[in-house]
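Peer 1: Could you have a look at this structure, given as structure tokens, before my questions?
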Amino acid sequence: MSNIILKIENLSKQYRLGLVGTGTMGDDLKRWWANIRGKEDPFLKIGDINNRATRGTSNYIWALKDINFEVQQGEVLGIIGKNGAGKSTLLKILSKITSPTTGSIKSKGRVASLLEVGTGFHGEMTGRENIYLNGAILGMTKKEINAKLDEIIEFSGCERYIDTPVKRYSSGMTGRLAFAVAAFLEPDILIIDEVLAVGDAEFQKKAIGKMQEISKGGGRTVLFVSHNMAAVKSLCTRGIVLENGGIVYEGSQDESVEFYLSNKNKDQRKTFNLLKREDRLGSGEWKLSQIEILNKKGKIVNEVISGEPINIKLSFEIFEKLDLNKIFLGVAILDPQEQKLVSFLSDEMNLDFKFFENRNFVVLQIPNLFLRASIYSINVQLGHSTKIEDYIDTIEDVSKLHVLPGDFWNTGKVNRSGSFSIFPGRFN
Amino acid sequence: MMQNNTENNGDWLFEITPKNKLFSLNLKEVWQYRDLLMLFVKRDVVTAYKQTILGPLWYLIQPLFTSVIFTLIFNNVANISTGSVPPFLFNLAGITIWNYFTACFSGTSSTFSANAGIFGKVYFPRLIMPLSVVISNLVRFGIQLFIFMVFFVYYYSQGADIGFNKYLVLFPVMVLIMGMLGLGLGMIISSMVTKYRDLKILVGFGMQLLMYISAVMYPVAYFVEKLPKYAWVVEYNPLSFVIETVRYMLLNTGVFDIGMFIYTLITTIIVLFLGIVIFNKAEKNFIDTI
């Protein structure tokens with residue numbers, strides 16, 4: 001109980017759609033009139049939930065509605081959710097940029113937020129001057145910056161240009177300098193929103209390493225919002241999933257990521273029927289009707305993580321009985337350039353198709369996905385044999401396979417992206 | 001049990017709620033961020049005239065030209081008498097102190113719209129921004145005051161009937177009043193501009209009108225004599241009191257009324273306080289409305 005450093009209670013935030021602002025002058029007057037009579041704001045009673053895809057009845061929406069959670073000292077909390085789920089609004093309220101409509105936040109520590117790197121950078125000033133200014137904006141005192149100045153400059157790798165106006169910097173260099181300042185912040189609670197995406201690959205690695213050091217080493221409490229699931233998995237110790245302005249899941253970071261991936265685009269996937277595809281070859285006694293990608297827990301997902309087990313479930317619509325002894329099934333995974341990377345061929349694998357007597361699907365089990373993060377495509381070929389004239393049903397690019405970066409080597413580091421395989425092996 | 005309860009509720013460092021208490025001014029927090037305040041001042045001063053050819057000379061050109069024009073129009077054409085004081089010096093004194101007010105006022109009145117980028121990304125006491133404007137304008141005011149002194153010495157050596165008097169000790173107070181009035185009014189406007197942009201347009205020509213009723217280019221006594229019916233507009237305008245008093249202490253022309261001094265002081269404090277209260281209320285949500 002005593003370890004709770006941040007407590008969020010019944011937090012809600014209402015916005016008005018359409019026009020900027022909280023409403024017209026007329027609404028302002030009604031609100032003011034209600035306030036004078038000691039009544040509640042009349043516009044708080046209405047409002048739709050935050051779902052950008054559907055059309056609401058009211059002009060007012062709740063960007064956040066009744067958010068409750070607690071953060072323990074030293075915890076690294078990942079906040080994930082689709083675009084528009086309310087993540088940024090939540091961070092804005094937590095970092096005091098805007099205030100909640102209802103509810104409260106209680107904190108026991110100093111909060112610093114990094115919703116952007118390089119806030120307040122002035123192009124006319126030198127790198128050194130900007131370090132002081134940016135550091136002070138983020139809440140450091142001059143003394144603290146003085147103590148860390150050398151480290152910051154070294155970390156940024158901009159030593160040579162440090163007394164040159166920032167407007168002469170390349171955008172990457174500006175980003176590096178800005179991140180360097182932020183990396184040496186030492187608040188009790190740090191709020192970070194997707195700031196890892198600055199600089200080149202080398203610097204990003206450095207940045208993620210620094211983030212890990214901050215979150216693991218210092219016992220610092222961190223709230224981390226990102227679309228980078230691998231980063232969430234490796235950096236965070238707990239996660240919450242936001243959807244339409246509410247918390248829909250709260251749990252360990254791995255479970256949260258899985259929940260998020262399996263729920264993402266749920267509606268879109270349900271309506272997807274392969275029977276409608278015209279670009280297929282074959283005699284058509286059987287037709288591939290559905291492809292589902294399942295993660296290690298058996299949940300249907302759109303994205304899988306490099307190095308983790310996956311299952312690909314293929315369902316067929318059976319129009320005519322076929323001789324099950326004379327069936328060939330091939331599944332191939334291709335890179336974005338349509339180069340075949342892997343193929344699973346039933347004849348090589350001695351697959352017995354007898355199970356098709358009782359069911360209409362087959363599951364391809366891949367115990368370890370040896371692919372780096374990229375978007376691959378899947379081809380499925382069903383035939384009496386491998387020959388083109390014996391095709392029953394063949395579809396190219398049946399589905400995309402979104403692979404997210406993972407921790408393949410179990411080192412706590414995220415492996416690089418790229419449309420090629422990652423393989424077990426070791427140096428000795 | 002009781003002990004435990006108070007411990008759990010009492011040791012929160014801060015709490016974020018939908019509404020502030022009306023009079024929580026957060027001045028303690030502003031003090032904690034004083035380093036940032038000075039860095040903003042430094043930024044404003046250092047970057048103001050970067051990549052201009054004349055640089056800080058612009059600080060001098062503007063008041064000098066305005067004074068020349070005022071002297072031509074109001075003193076030579078319209079024949080407003082400035083007594084024994086050279087009209088040019090009379091106008092320069094008024095313009096110098098008036099400029100400090102306008103710089104503070106217009107600088108602070110755009111606080112929210114000009115800094116929406118920073119304010120939308122990071123929190124620090126918002127009061128820092130308008131305060132930095134008032135302080136960095138002091139540098140500009142200092143330079144303009146210096147130029148005034150140069151002309152003062154020139155006219156004095158030419159034998160003009162001018163001279164400081166003992167009220168000069170109040171000069172810093174007058175500058176402070178001008179700064180605080182500019183800050184207070186500017187903060188009120190800036191808070192309202194976030195919702196109603198019309199005010200921005202109003203401010204532009206409002207400042208021009210204000211100058212004419214602030215005794216910048218005429219002595220208050222002259223206005224009272226010519227338009228006694230509307231004299232209260234000028235007389236009860238704290239700005240004209242400050243300008244008149246500054247001219248009195250620097251050029252020994254006009255009068256100093258202790259009653260008006262107290263009135264101006266109280267007005268300034270009220271305006272400033274009101275400004276801070278409204279500003280603090282606006283800062284909580286302005287990012288949603290800007």
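A short reminder: the numbers here are calculations on the coordinates, not readings from a lab. The structure presented is a predicted model; accordingly, all values stated were derived computationally and were not measured. Reconstructed Cβ throughout: ideal geometry from the backbone, glycine too, with neighbour counts over all protein chains shown.
Peer 1: Are any of the pairs A:Lys299/A:Lys354; A:Lys65/A:Lys142; A:Lys96/A:Lys148 more than 28 Å apart by Cα-Cα distance, and if so, which?
Peer 2: Details: A:Lys299/A:Lys354 26 Å; A:Lys65/A:Lys142 39 Å; A:Lys96/A:Lys148 26 Å.
Exceeds cut-off: A:Lys65/A:Lys142.
Peer 1: Can you give the average number of partner chain beta-carbon atoms within 10 Å of each beta-carbon in peptide B:279-288, as a whole number? Each step should come with its number before you reach the end.
Peer 2: Working: counts 0, 0, 0, 0, 4, 5, 7, 2, 4, 14.
The shielding value for this peptide is 4.
Peer 1: Which whole-number percentage describes the relative contact order of chain A, with Cα contacts under 8 Å and a sequence gap of 6 or more? Walk me through the numbers before you get to the answer.
Peer 2: On the way: 857 pairs, mean separation 58.4, N = 428.
Relative contact order comes out at 14 percent.
Peer 1: Still on this structure, please answer the following. Can you compute the modelled spin-label distance between B:Phe151 and B:Ile53, with each label point 7 Å from Cα toward Cβ, in nm?
Peer 2: With each label point 7 Å from Cα toward Cβ, the separation is 2.4 nm.
Peer 1: Nearest 10 degrees, 0 to 90: what angle lies between the long axis of helix A:253-263 and the longest principal axis of chain A (Cα atoms)?
Peer 2: 60 degrees
Peer 1: Using Cα-Cα distances under 8 Å and only pairs 6 or more residues apart, what relative contact order does chain B have, in percent? Walk me through the numbers on the way to the answer.
Peer 2: Details: 319 pairs, mean separation 76.1, N = 290.
Dividing the mean separation by the residue count of chain B yields 26 percent.
Peer 1: For chain B, what are the DSSP H helices with axial Cα length of 30 Å or more and mean Kyte-Doolittle hydropathy of at least 1.0?
Peer 2: Values: long enough: B:87-109 (32 Å, 0.81); B:128-157 (44 Å, 1.61); B:171-193 (33 Å, 2.12); B:258-283 (37 Å, 1.86).
The qualifying helices are B:128-157, B:171-193, B:258-283.
Peer 1: Going by amide H atoms built from the backbone, whose H comes under 5 Å of the H on A:Ile191, apart from near neighbours?
Peer 2: A:Ala112, A:Ser113, A:Leu114, A:Leu223
Peer 1: Among all lysine pairs in chain B that are eight or more places apart or on different chains, how many have alpha carbons less than 20 angstrom apart?
Peer 2: 15
Peer 1: Oh, and also: With a 10 Å Cβ neighbour count serving as the proxy for reagent exposure, in which order, fewest first, do A:Cys236, A:Cys158 appear? The partial results should precede the final answer.
Peer 2: On the way: A:Cys236 25, A:Cys158 21.
Listed from fewest to most nearby Cβ atoms, that is A:Cys158, A:Cys236.
Peer 1: To make sure I understand, if each residue's beta carbon is the centre and we count other beta carbons within 10 Å, what order do A:Leu242, A:Leu29 fall in, fewest to most?
Peer 2: Values: A:Leu242 24, A:Leu29 11.
Ranking A:Leu242, A:Leu29 by Cβ neighbours within 10 Å, fewest first, gives A:Leu29, A:Leu242.
Peer 1: Right, another one. For peptide A:99-106, compute the average count of partner chain beta-carbon atoms within 10 Å of each residue's beta-carbon.
Peer 2: Working: counts 10, 6, 3, 2, 3, 5, 5, 8.
Mean shielding count: 5.
Peer 1: Count the net charge of all other residues whose Cβ sits under 13 Å from the Cβ of A:Asn410, scoring Lys and Arg as +1 and Asp and Glu as -1. Mind dumping the intermediate values first?
Peer 2: Values: positive: A:Lys233, A:Lys413, A:Arg426; negative: A:Glu308, A:Asp407.
With Lys, Arg at +1 and Asp, Glu at -1, the net is +1.
Peer 1: Per residue and in cubic angstrom, what volume does the convex hull of the Cα atoms of the protein assembly as shown have? Before the final figure, lay out the partial values.
Peer 2: Details: hull volume 178.5 nm³, N = 718.
Once divided by residue count, the hull of the protein assembly as shown is 249 Å³.
Peer 1: Something else now. Is the shape of the stretch B:22-104 rounded, prolate or oblate, going by the alpha carbon gyration tensor and its root eigenvalues a ≥ b ≥ c, with a/c under 1.5 for rounded and a/b larger than b/c for prolate? Walk me through the numbers before you get to the answer.
Peer 2: Numbers: a/c = 4.33, a/b = 1.85, b/c = 2.34.
Here the stretch B:22-104 falls in the oblate category.
Peer 1: Then there is this: Got a sec? How would A:Ser12, B:Ser240 order by Cβ neighbour count within 10 Å, fewest to most? Walk me through the numbers before you get to the answer.
Peer 2: Values: A:Ser12 20, B:Ser240 25.
Ascending number of Cβ neighbours within 10 Å: A:Ser12, B:Ser240.
Peer 1: When you look at the Cβ of every residue in B:124-130, what mean number of other chain Cβ atoms sits within 10 Å?
Peer 2: Per-residue shielding by partner chains comes out at 1.
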